[in-house]
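Asks: Following this message is one structure expressed as structure tokens.
The values are calculated or read from the model by the stated rules, or taken from the named source; none is laboratory data. These figures come from a predicted structure and were not determined experimentally. So basically every Cβ, Gly included, is an ideal-geometry build from the backbone, and we count neighbours across all protein chains shown.
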Amino acid sequence: MESNNKLKREYEFDSEDEHATEPMTHEEMRQLSMDINMLPCEKLATVVNIIEAHENFTDSDPEEIEIHFQNLKPVTLRELEAYVRMCQQQANKEKVMESMLESSAADHETEPNVNPAKVVNDLFWLAEQCELRCIFEHALWANEQLNHLPQSHLSAPEVAQSSNWHYGEMNMKRRALIMFVRTLMTSKYYHRAKFFLSKCKESDCLEAFLYYYSWYLISIRDRFEGDAEDLETKEPSSDDNISELRSELETLKLNSPHLLGLVRLKCDANDMAIQAFSESIQQDNRCWPAWECLSSLVDGFYVVKIEKEVYSKTWLYNLFVAETMSRLLLFVCAIEAYTDVSKYLGASPYILCQIATAQSELQEHDGAISSFQKIRKSDPYRIEQMHFYSDSLYIRQNFTELALLAKWFFVSHKFNWETCCIVGETNYYSAKNIHEQAQEFLKRSIMLCPKNASLWVLLGHEYLETKNHQAATSSYKKATLIDKNCYRAWYGLGQLHEIMKQPSNALFYYKKAHKCRPDDSRMLIALGVMFSKLDRKSDAEKCFKKAFQIGDVEGNALIHLAKLYEDQNDKRNAAKAYEAYLTLYTEELVGDLSLIATSCRFLASYYLEQANLDTSYDYAQRCLDYDISKEEGYRILQLIKSKRKETQDKLAKGSYSSTPQTQCNSSTNYRTPSDAPRPIGGGDDSIQTPFTERKEVNLDANDDDMNTNSDDDDLEITF
């Protein structure tokens, strides 16, 4: 995965104050030396760059620099230590992911045939247990999978015919209490449910679980409702309720590790939450809620301690791998894993939605749109993940379909948070300049789904529109707390600080966004712009080139690169970049035609300076098609006309003193008036001629000055 990590130098070390850096001990330097020797060869270039950034080797041969660790500055050693630590973490992450994939592949080798009866029985058990415990979100998920299973699965002879409900084993009074409490929790009357269950909290039974689970739901709802209401203040929300719940659960030792894991997770005790979820899976590997929570916590640096005989016997492990890949933004691997899970679940809308979502995140919007359209034909009112469908429609500028989608769900799911995202994509509120109303709508949506980072990002965007920078910052940071991999939130913070003319802070947040999406050209371009503003031209150039290499989503990497060369007065490379842009992008592919106009205007002027009048003439003619470049185009055409007239006059004067043989040679060496492009109307005063052909720009590998694959294949950006 080196291609994903070439630009990642996100180690946590601040080297601003070199004098405050703590010196290294001899043992630390020895360990650092050993660790550097263990690094892959492609990482050593960055090690050299770090050393050269802080040390003075002006008198040394750059090809043969002898390094003694005891002679290096403390700041250099600490930065090397941080970089090595980051490389080790990346290696650990890749090892964990490879291990997970190998385990999944090994399971398929040992179990080539899917046992449909086991899948059906597991889903029935999961649906009934979640219903019984009021975990309705996962009950809905299990029932959806059951409803879309192939008929051959449901008709398997091994499918259990008996129900897992335990009401028959209860006396009538207990059964009546549980049914009443479940009804209260279904209606979201959590306080009432907790009150009626308070006498049963000491026992290790279903009533005790429902008591503490209702308490947990109260805490979660109160926290996020308070956050939405007090968003514009800097006062943090109180966590006394959830802390008290955790204290009581830890003391009571209730036999419900899944619930304990949820509470620990909300208290930011992630390592202990992983332990609890792992214990829950050890107890019963059919507990999909524990698998799903575990997938949200696995970051590649923590090896999940689950015995092989536990996960190798359940198909849910394969789904866990797919979810983990998606959460870690490894979307190509996620698509493969979800496709593998479809062997168990068939053409489930859930699986198809997850694949379509991954395609949307990979900027494969045509494929994503096609997948979502298939889903809507079979389940038109399924709103889950449809905000990604709206994203793809918006990017492809299919506004008609987007408006129909927004209207459809606004009628059927008016107060769902997904509808808020979809309606937001139509820019209805922004177009009407009713940002305050949009903010209130988003706040209500957050109360409905407080754990969704996308809603907080949208709210931050709305606050940014009204120049409420403090509230926007709070919203974006709340999104990063919910999902640290929410690149949109980090990118929003970067934009906010860029607007406030704080390029250093903007660079910090753009680096965070790039860490989440290392192969997203938008993150690289944002980094390049900030590097340029901070006068780090070399780093900016690397960012723009890399953005172009990996696939420029918005099509403006070459424009930024050309403008960077312009600022450095490197007109030759600027011209190459502009020509490459005009070759690759036509008017049909470019939303902002001013970029084409800017490119043509520069190239017309550049080739005029180079005395290449024909090429300059072509680009000047194209300038006439755009308002912002029309005046400059006319000016350059007049200059070209003047220069051609001068050339013709010189040729005419030379013909009187030349011999016939000389005149013959002259006609082959110089461009005569008969060779020049003729005006359409035939008049000498007309300057309007048709644009005959576009200049093709060849970015071949032999061009040393403008080769995006030359010296930057192993690109390491100095952060």
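Asks: Give the stretch 235-283 a look and list any residue that's of a type in the set (D, E, K, R) and either farther than 20 Å from TRP125 by Cβ or modelled with pLDDT under 90 (or both), or say none. Before you say what the answer is, go through the steps one by one.
Replies: Just the residues of the stretch 235-283 that are of a type in the set (D, E, K, R), to begin with: 235, 239-240, 244, 246, 248, 250, 253, 264, 266, 268, 271, 279.
Scanning the stretch 235-283 gives GLU235, ASP239, ASP240, GLU244, ARG246, GLU248, GLU250, LYS253, ARG264, LYS266, ASP268, ASP271.
Asks: If you don't mind, there's one more thing I want to ask. Which ones in the stretch 470-479 are in contact with a Leu (Cβ under 6 Å, 6 or more places away or on another chain) and not aromatic (Phe, Trp, Tyr)? Don't jump to the end; show me each part of the working.
Replies: Initially, the stretch 470-479 is screened for residues in contact with a Leu (Cβ under 6 Å, 6 or more places away or on another chain), giving 471-472, 474-476.
The answer is ALA471, ALA472, SER474, SER475.
Residue-by-condition table, conditions (1) part of a helix (DSSP H, G or I); (2) out of contact with any helix residue (DSSP H, G or I) (no Cβ under 6 Å at 6 or more places or on another chain):
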site	(1), (2)
LYS343	yes, yes
GLY367	yes, no
TYR381	no, no
PHE388	yes, no
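Asks: Would you mind telling me which numbered condition in (1) over 19 Å from PHE388 (Cα atoms); (2) of a type in the set (A, V, I, L, M, F, W, C); (3) buried (at least 23 other Cβ atoms within 10 Å of the Cβ) ILE499 fails?
Replies: Status for ILE499: all satisfied but (3).
Asks: Does any residue in the stretch 467-485 that is in contact (Cβ under 8 Å) with a residue 12 or more places away in the chain and under 19 Å from ALA269 (Cα atoms) come within less than 7 Å, Cβ to Cβ, of a residue that is basic (Lys, Arg) and surrounded by fewer than 17 Cβ atoms within 10 Å (Cβ to Cβ) six or more places away or on a different chain, and which pairs are these?
Replies: Qualifying pairs under 7 Å: ILE482/LYS451.
Asks: I need the full set of residues from the stretch 542-555 which are at pLDDT below 85 and either in a helix (DSSP H, G or I) or polar (S, T, N, Q) (or both), in order please. Step through it out loud before you land on a result.
Replies: Residues of the stretch 542-555 at pLDDT below 85: 550-555.
Correct list: ILE550 only.
Asks: So, in the stretch 332-358, exactly how many residues are surrounded by fewer than 19 Cβ atoms within 10 Å (Cβ to Cβ) and without any contact (Cβ under 8 Å) to a residue 60 or more places away in the chain?
Replies: Number satisfying all stated conditions: 4.
Asks: While we're looking at this one, here's another question. Restricting attention to the stretch 400-447, report how many residues are in a loop (DSSP other than H, G, I, E, B) and modelled with pLDDT under 75.
Replies: From the stretch 400-447, those in a loop (DSSP other than H, G, I, E, B) are 413-416, 426-427, 433-434; that's our starting set.
Filter once more, keeping what is modelled with pLDDT under 75: 426-427, 433-434.
Matching residues across the stretch 400-447 total 4.
Asks: From LEU481, LEU534, grab the single residue that is of a type in the set (A, V, I, L, M, F, W, C), farther than 30 Å from MET325 by Cβ and surrounded by fewer than 21 Cβ atoms within 10 Å (Cβ to Cβ).
Replies: The unique qualifying residue is LEU534.
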